[in-house]
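A.B. asks: Sharing a structure with you now.
The values are calculated or read from the model by the stated rules, or taken from the named source; none is laboratory data. What you see is a predicted model, and the numbers here were worked out from it, not measured in a lab. Glycine also receives a Cβ, built like all others from the backbone with ideal geometry; neighbour counts cover every protein chain displayed. Side chains included, ligands, DNA and RNA excluded: accessible areas come from the protein's heavy atoms. Shrake-Rupley method; radii C 1.70, N 1.55, O 1.52, S 1.80 Å.
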Amino acid sequence: MLDINPDRILVRYNVKLEECMTPEEAAEELYPADEMIRPITRAIFEGDEDEVIEGLQRAMDSGMDPLYLINEALMVGMEIVSRLYDEGVIYLPDVIISAHAMIDGIEFCKEMSHIPLEFNKGKVVSFVVEGDIHDIGKTIVTILLRANGYDVIDLGRDVPVEEVVDTVKREKPLFLSGTALMTTTMHSFKQIKEKLEQDGVNVPFVCGGGAVTQDFVSHYDLGIYGEEAADVPKIADAILKGLSIEQLRNKFHRH
Ligand code: B12
């Protein structure tokens, strides 16, 4: 018989016994400390639409700006959901419930932000690529552009390449804003760009979303990469001022 001392095995393999956390406990550690923001992020995680709206209303009553709350409360809540999903702590049905609460929250902020009725700075076509239904980021891009006076034609999600190309040809926007969250779908950007080139349409193509990288976008002559939805109105203003693609990349790309 082997003479095994279990204590020595634990020491040798540095085995650490961790207590299991519930998803709620794991999330609790990630919520921000701010007493106005924290309940909103918790309500996003729990997928409780009513709590999201109540939390937003309380925060707005205390003087917080609705667009600030999209970035600093709703998106922070969704980042916690994304992180715990990526870590395998929660599952797809949980994400779907949180996504619905997030969308309701965005809608509420949009209503409360009193976006100007005049969108006179220029036309923008915004869409999520074919095969991709992740539209939360795109919705934020649209709201921020409208809040900054742009007339946004929002084509929605899972938009066929042809529809994007036809809309650009018909509407002649200042630029095209595309979102892709999956490595399998972002190749639509390439097809759109090729079709536009074939038809001789030159329109700046601003691309973003989880799966997209600056390298990937830089392969298109007219491609400009942005990391955050909040970058898009800044890029829009710079395009409006007449900056060239090179100048735009110098200004907005990471070096
Ligand atoms: C929410 C979510 C869902 C929701 C979507 C709800 C909705 N209406 O959007 C649901 C549950 C439906 C879903 C489904 C699926 N999902 Co999902 N989902 C997510 C999750 C957890 C969060 C995404 C999100 O909304 N984030 C919050 C928003 C605000 O972020 P965002 O969209 O990236 O936008 C930010 C920036 O990218 C930027 N931005 C966005 N657009 C633009 C545009 C421009 C021009 C610029 C400059 C910037 C910009 O601005 C925002 C921040 O400021 C991610 C995980 C992750 N880590 O991202 C997975 C994730 C995207 N999903 C994934 C997958 C695989 C799926 C499914 C295939 C799962 C399945 N097995 O069925 C399906 C997809 C079906 C389909 N055909 O599309 C994978 C994709 C993997 C990959 N790299 O290809 C991810 C990364 C999860 C993972 N780690 O595996 N999902």
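A.B. asks: Anything in the range 146-162 that is in contact with a strand residue (DSSP E or B) (Cβ under 8 Å, 6 or more places away or on another chain) and either open to solvent by 60 Å² or more (accessible area, probe 1.4 Å) or over 15 Å from C207 (Cβ atoms) (or both)? List them, or say none.
C.D. replies: Scanning the range 146-162 gives R146, Y150, D151, V152, I153, D154, G156, R157, D158.
A.B. asks: Of all the helices (runs of 4 or more DSSP H) wholly in the range 30-110, which have at least 1 residues that are over 19 Å from G210 (Cβ atoms) and basic (K, R)?
C.D. replies: Result: 37-46, 49-61.
A.B. asks: Restricting attention to the range 75-91, does a residue exist that is under 17 Å from the mean Cα position of the chain (by Cα) and more than 11 Å from the ligand (Cβ to nearest atom)?
C.D. replies: Within the range 75-91, none of the residues are under 17 Å from the mean Cα position of the chain (by Cα) and more than 11 Å from the ligand (Cβ to nearest atom).
A.B. asks: State all residues of the range 35-85 that are of a type in the set (S, T, N, Q) and either farther than 20 Å from V95 by Cα or at pLDDT below 95 (or both); if no residue qualifies, say none.
C.D. replies: The answer is Q57, S62, N71, S82.
A.B. asks: Additional query: Hey, among the residues in the range 194-217 that are in a helix (DSSP H, G or I) and among the polar types (S, T, N, Q), which one's surrounded by the fewest Cβ atoms within 10 Å (Cβ to Cβ)?
C.D. replies: Looking at the filtered set, the residue picked out is Q198.
A.B. asks: Among (1) under 20 Å from N71 (Cα atoms); (2) open to solvent by 40 Å² or more (accessible area, probe 1.4 Å); (3) among the hydrophobic types (A, V, I, L, M, F, W, C); (4) touching a strand residue (DSSP E or B) at 6+ places or on another chain (Cβ under 7 Å), which single condition is L181 missing?
C.D. replies: (4)
A.B. asks: For the range 218-237, give me each residue that is surrounded by fewer than 17 Cβ atoms within 10 Å (Cβ to Cβ) and part of a helix (DSSP H, G or I).
C.D. replies: S218, K234, D237
A.B. asks: What do you reckon, is R58 over 26 Å from V159 (Cα atoms), within 10 Å of the ligand (Cβ to nearest atom) and charged (D, E, K, R)?
C.D. replies: Details: over 26 Å from V159 (Cα atoms): yes; within 10 Å of the ligand (Cβ to nearest atom): no; charged (D, E, K, R): yes.
Judged against the criteria, R58 is not a match.
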